[in-house]
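> Starting off with a structure, shown below.
The values are calculated or read from the model by the stated rules, or taken from the named source; none is laboratory data. These figures come from a predicted structure and were not determined experimentally. Cβ atoms come from the backbone with ideal geometry, glycine included; neighbour counts cover every protein chain shown.
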């Protein structure tokens, strides 16, 4: 630890060389909403939910290196309004029907929406036609809920040393794909022990035969809001 | 007594007797679960009835919504009749509230949206085994389904949203208390739920 | 295995072998497979995957990023009409409709016999001679109804494109005004000799002294870039010429590469000498595929002249050569870090910056990325000196700028002006009348109204990559903005949420207004989306995706006001039409089977 500090909503945050704003904030026990960031994986800054105002400009805090003396605003109405809009975009882009989703109560997209006091998706829904892949014996892949955060892509590539998942297409046609000739998860070398099986923030990669083993109302974010469970230290799942 | 109810009651007693606030409620493509949850406010319903009276609602059996201060709708917009009812509510109610998952993002009924309507009608009325092959019903009394199920805000302007499937009685009660007391209903991150 | 598949496999293997099965050449390999096989079949993916030892998924991820690569058959003739607003103004949409009718196909679909598909593509850079078109990625310009009929005949008769009349592929330079850059005679090797005589460090000083700023639009000092790269830690250095001229309305790089290729390549070679690079790349946009053979010939000639290769111009130890990489239809690759990703054979997703390419560029090594015109200017500076060059233009914007003038004017084409020229002077020179607006630097640039025509083309006033699209009073500026919004939606890379989703939401709202369903609510929504795009997006594409709307709202508000036909919110979709399937299925047409428009 060096003596370098920056200001986060007026609080002084110490950071080590090479740390990003989000990493330093989490180490100091401060919550900044985020979805595509995972402390064990290389940040890449795509979801933009962790955006903060740095000396006047909005920046993704997960990829912006901390700098001595920088002034970071995170918990402001203006910043939260913009984050909420991003989360709302993710909701209308896919098909997110929380009441019928097994991830409900453990879903970071949902919990982040609560945190940002989102009561409606606001925009017009795209209602895309996306498939469900149930070919794997132990896992269900529901593309309707994928938010393209690429955590599974990075986990598979960087931790599992495989390439089970990838992003294909472009623009609004960007989609998650699976590495097998058929394109199905059951024909890939995906395994339940993979890191990629554990990092999905939403209900896109779901373990089979676990449904409702924890009742709705008693799940991770039912018990404690995401700002408490995701504000630092090892990920709680 | 619930502090909010007390709050309402004192507000009520401090001022000269005001005409009651008219509220209409209905369910479009919904399951009435939000209405059931509303009834779960239990004895607070009595306190509420001192302040409000119901226009069109399953509680009154009034069929057409008249002028109201507040309209509360559960369910998504699935067919032509839903559109008529929703438009009437929007015209008649000063404040329109979407309650529950279906009203807010289409919910369960909207899970048909990825299938073409023609395929659905064919499957349900002609190809499914065990049918009498009566064909797709064409009685003018029946409302025609829309291509897709839409949340309310895609069809009319909506003033407030109460998410949940259903939202709890507490959440509904707090929301109404705020609205009736002239406060902007606050969405509390601890009570927002989508399930 | 059928003979056809066997033959295809042999060709794919040949392509892979030519690129030595290098993963960094993936995009080039896929482009060639597409070219020779008409699509990239699952078998081809398998061959490339095995040869390059890359997972299939990686190949699919790259192939699906680029518009001109197809994992499904798209016909033996793939016709793409350029869809820029200037093409529309020249009648491209009517011609597209004519072609679809003649060929009995629907836009975007492949004919039943698998022969042909017709669709649109982003600006092909033929704005001064539009409408433009690509057939199997070969450019055609100056389309007319007669030409389209003739093309339909050639396609139905299955005449190979190589046998089509050469006049169909004629592309004019249309150089209308020359200044120091276009007047200069580039004697091959002259600038290099001047640089050698001075030495690398002194040549860098000349570039710095010239105050040359990048011509791609951002205007970063070229000399500073070279200096940073020269001083950066690295095993090896690279020179990259950004010829991914994708900004709609821009075509000056096309002309430079067609008629002044030696100047560009010599500029790159001077840069290599200054920074100490041994390898260079020219990243040519896929739409300019038709220039490839001529450019390869120039490179070959220069190798013969010993101006590329080993011991260049007799200077022992100065080795440098250039490869041409072709893009495949992705505007975002014009962004330098996305371009480098693409050069490495990946999806063209802009990198997180810092670090910048000058320290961590191609293969993470120090890399200079400059625009085509910048390198051409460097050649001139190396020959004539920085002080001489800085005498042209304005103190903050030295030298000249090539403007790609198109739209409503008598003489569209290339105009070279010293920086500081006013918009009005350009309009007068190109014969524009009744001008309502000028869009400078393309959709991501700025839209000017007549009261701003005395403003100057210069980094201190109106910076530009060169596009200069003119709209006279007949044009509907709302539709101009809508065309640009759709362009950004099509070209968004999809990496970050605000741009991926926001550009679609914005496009939908503009379509809603276009469809007569607009109300003040939608107008407020558009303004909000503009803020999200501008402040939250990952790269310049998203930041500028709202510019066309912001500028036209500010300056041509009546064009929007006339679209806000409703006082209250109305749905984006037509409710009555949303009942049409049910009406059809039930055979009903009674009043209850319809929904009246909300008023």
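> Would you confirm whether any residue within region C:396-409 is on the phi < 0 side of the Ramachandran plot and part of a helix (DSSP H, G or I)?
No, region C:396-409 contains no residue that is on the phi < 0 side of the Ramachandran plot and part of a helix (DSSP H, G or I).
> So which residues in region A:10-29 are in a loop (DSSP other than H, G, I, E, B) and in contact with a strand residue (DSSP E or B) (Cβ under 6 Å, 6 or more places away or on another chain)? Please lay out each step first, then the result.
From region A:10-29, those in a loop (DSSP other than H, G, I, E, B) are A:10, A:15-19, A:28-29; that's our starting set.
Listed by number, the list holds a single entry, A:28.
> I'm trying to understand the selection: among the residues of region B:34-54, which are closer than 17 Å to residue B:99 by Cα and either part of a loop (DSSP other than H, G, I, E, B) or touching a helix residue (DSSP H, G or I) at 6+ places or on another chain (Cβ under 9 Å) (or both)?
B:34, B:37, B:38, B:39, B:40, B:41
> Now for a separate question. Taking region C:63-79 as the region of interest, how many residues are more than 9 Å from chain A (Cβ to nearest Cβ) and not in a loop (DSSP other than H, G, I, E, B)?
Looking only at that region, the number is 3.
> Another question about this same structure. What do you reckon, is residue A:161 over 23 Å from residue A:209 (Cα atoms), surrounded by fewer than 22 Cβ atoms within 10 Å (Cβ to Cβ) and away from chain C (no Cβ under 14 Å)?
Values: over 23 Å from residue A:209 (Cα atoms): yes; surrounded by fewer than 22 Cβ atoms within 10 Å (Cβ to Cβ): yes; away from chain C (no Cβ under 14 Å): no.
No, not satisfied.
> Exactly one condition in (1) at pLDDT 95 or above; (2) under 25 Å from residue B:193 (Cα atoms); (3) assigned to a loop (DSSP other than H, G, I, E, B) is not met by residue B:66; state its number.
Here residue B:66 meets the rest and fails (2).
> Oh, and also: Of all residues in region A:62-83, which are out of contact with any strand residue (DSSP E or B) (no Cβ under 8 Å at 6 or more places or on another chain), part of a helix (DSSP H, G or I) and in contact (Cβ under 8 Å) with a residue 12 or more places away in the chain?
If we filter region A:62-83 for residues that are out of contact with any strand residue (DSSP E or B) (no Cβ under 8 Å at 6 or more places or on another chain), which is where we start, we get A:75, A:77, A:80-81.
Of the ones still in play, those that are also part of a helix (DSSP H, G or I) are A:77, A:80-81.
Residue satisfying the conditions is A:80 alone.
> Filter region C:424-457 down to residues that are at positive phi and either touching a residue at least 24 places away in the same chain (Cβ under 8 Å) or under 18 Å from the mean Cα position of the chain (by Cα) (or both), then give me how many there are. Steps first, answer last, please.
Of all residues in region C:424-457, those at positive phi come to C:431, C:434, C:441-442.
Of the ones still in play, those that are also either touching a residue at least 24 places away in the same chain (Cβ under 8 Å) or under 18 Å from the mean Cα position of the chain (by Cα) (or both) are C:434, C:441-442.
Qualifying residue count for the region: 3.
Per-residue answers, yes or no, for (1) more than 22 Å from residue C:496 (Cα to Cα); (2) more than 11 Å from chain B (Cβ to nearest Cβ); (3) touching a helix residue (DSSP H, G or I) at 6+ places or on another chain (Cβ under 6 Å):
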| position | (1), (2), (3) |
| --- | --- |
| A:74 | no, yes, no |
| A:80 | no, no, no |
| A:84 | no, no, no |
| A:88 | no, no, no |
| A:91 | no, no, no |
| A:103 | yes, no, no |
| A:108 | no, yes, no |
| A:113 | no, no, yes |
| A:116 | no, no, yes |
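> Identify the single condition in (1) part of a loop (DSSP other than H, G, I, E, B); (2) out of contact with any strand residue (DSSP E or B) (no Cβ under 7 Å at 6 or more places or on another chain); (3) modelled with pLDDT of 95 or more that residue C:235 does not satisfy, given that it satisfies every other one.
(3)
> Identify all residues within region A:44-61 that are closer than 22 Å to residue A:196 by Cβ and at pLDDT 95 or above; write none if there are none. Don't jump to the end; show me each part of the working.
As a first pass, look at region A:44-61 and keep what is closer than 22 Å to residue A:196 by Cβ: A:44-47, A:49-50.
Of everything in region A:44-61, those that are closer than 22 Å to residue A:196 by Cβ and at pLDDT 95 or above turn out to be A:45, A:46, A:47, A:49, A:50.
> Let me ask something additional. When only residues in region C:576-594 that are within 45 Å of the chain's Cα centre (by Cα) and surrounded by fewer than 21 Cβ atoms within 10 Å (Cβ to Cβ) count, which is farthest from residue C:446 (Cα to Cα)?
Step one: filter region C:576-594 for residues within 45 Å of the chain's Cα centre (by Cα), giving C:576-582, C:584.
Of the ones still in play, those that are also surrounded by fewer than 21 Cβ atoms within 10 Å (Cβ to Cβ) are C:576-577, C:580-581, C:584.
Values: C:576: 40, C:577: 38, C:580: 43, C:581: 44, C:584: 48 Å.
Across region C:576-594, the extreme among qualifying residues is C:584.
> Condition first: away from chain C (no Cβ under 11 Å), within 24 Å of residue A:31 (Cβ to Cβ) and touching a residue at least 40 places away in the same chain (Cβ under 8 Å). Can you find one or more residues in region A:173-191 that meet it?
no
> For residue C:182, only one of the following conditions fails: (1) in a loop (DSSP other than H, G, I, E, B); (2) out of contact with any helix residue (DSSP H, G or I) (no Cβ under 8 Å at 6 or more places or on another chain). What is its number?
Failing condition for residue C:182: (1).
> Say we look at region A:40-61 and pick out the residues that are assigned to a loop (DSSP other than H, G, I, E, B) and surrounded by fewer than 18 Cβ atoms within 10 Å (Cβ to Cβ); which of these is farthest from the other protein chains (Cβ to nearest Cβ)?
That would be A:40.
> Hey, can you tell me all the residues within region C:91-128 that are part of a loop (DSSP other than H, G, I, E, B) and touching a strand residue (DSSP E or B) at 6+ places or on another chain (Cβ under 9 Å)? Don't jump to the end; show me each part of the working.
Of region C:91-128, the ones part of a loop (DSSP other than H, G, I, E, B) are C:91, C:104-109, C:111-115, C:122-126.
The answer is C:105, C:106, C:107, C:108, C:109, C:111, C:115, C:122, C:123, C:124, C:125, C:126.
> Where residues in region C:340-365 are within 13 Å of another protein chain (Cβ to nearest Cβ) and more than 21 Å from the chain's Cα centre (by Cα), which of them is modelled with the highest pLDDT? So that I can check it myself, show each step before the final result.
Taking region C:340-365 and keeping what is within 13 Å of another protein chain (Cβ to nearest Cβ), we get C:341-342, C:346-355.
Now narrow it down to the ones that are more than 21 Å from the chain's Cα centre (by Cα): C:352-355.
Numbers: C:352: 90, C:353: 85, C:354: 86, C:355: 93.
Here the answer is C:355.
> Looking at (1) assigned to a loop (DSSP other than H, G, I, E, B); (2) within 14 Å of another protein chain (Cβ to nearest Cβ); (3) more than 25 Å from the chain's Cα centre (by Cα), find the lone condition where residue C:21 falls short.
Unmet for residue C:21, out of (1) assigned to a loop (DSSP other than H, G, I, E, B); (2) within 14 Å of another protein chain (Cβ to nearest Cβ); (3) more than 25 Å from the chain's Cα centre (by Cα): (2).
> Within region B:80-111, how many residues turn out to be farther than 16 Å from residue B:159 by Cα and surrounded by fewer than 19 Cβ atoms within 10 Å (Cβ to Cβ)?
Matching residues across region B:80-111 total 4.
> Now for a separate question. Restricting region C:24-62 to residues that are touching a residue at least 60 places away in the same chain (Cβ under 8 Å) and at the interface with another protein chain (Cβ under 10 Å from one of its Cβ atoms), which is surrounded by the most Cβ atoms within 10 Å (Cβ to Cβ)?
Among them, the one singled out is C:62.
> Need a quick list: helices (runs of 4 or more DSSP H) entirely within region B:99-195 having at least 3 residues that are more than 9 Å from chain A (Cβ to nearest Cβ). Quick ask: steps written out before the conclusion?
Numbers: elements: B:101-105, B:117-122, B:169-180.
In region B:99-195, the matching helices (runs of 4 or more DSSP H) lie at B:117-122, B:169-180.
> If a residue counts only when it is closer than 28 Å to residue B:156 by Cβ and within 14 Å of chain B (Cβ to nearest Cβ), which helices (runs of 4 or more DSSP H) contained entirely in region C:531-587 have at least 3 such residues?
Details: elements: C:540-544, C:547-555, C:557-561, C:580-586.
Filter on region C:531-587 gives C:580-586.
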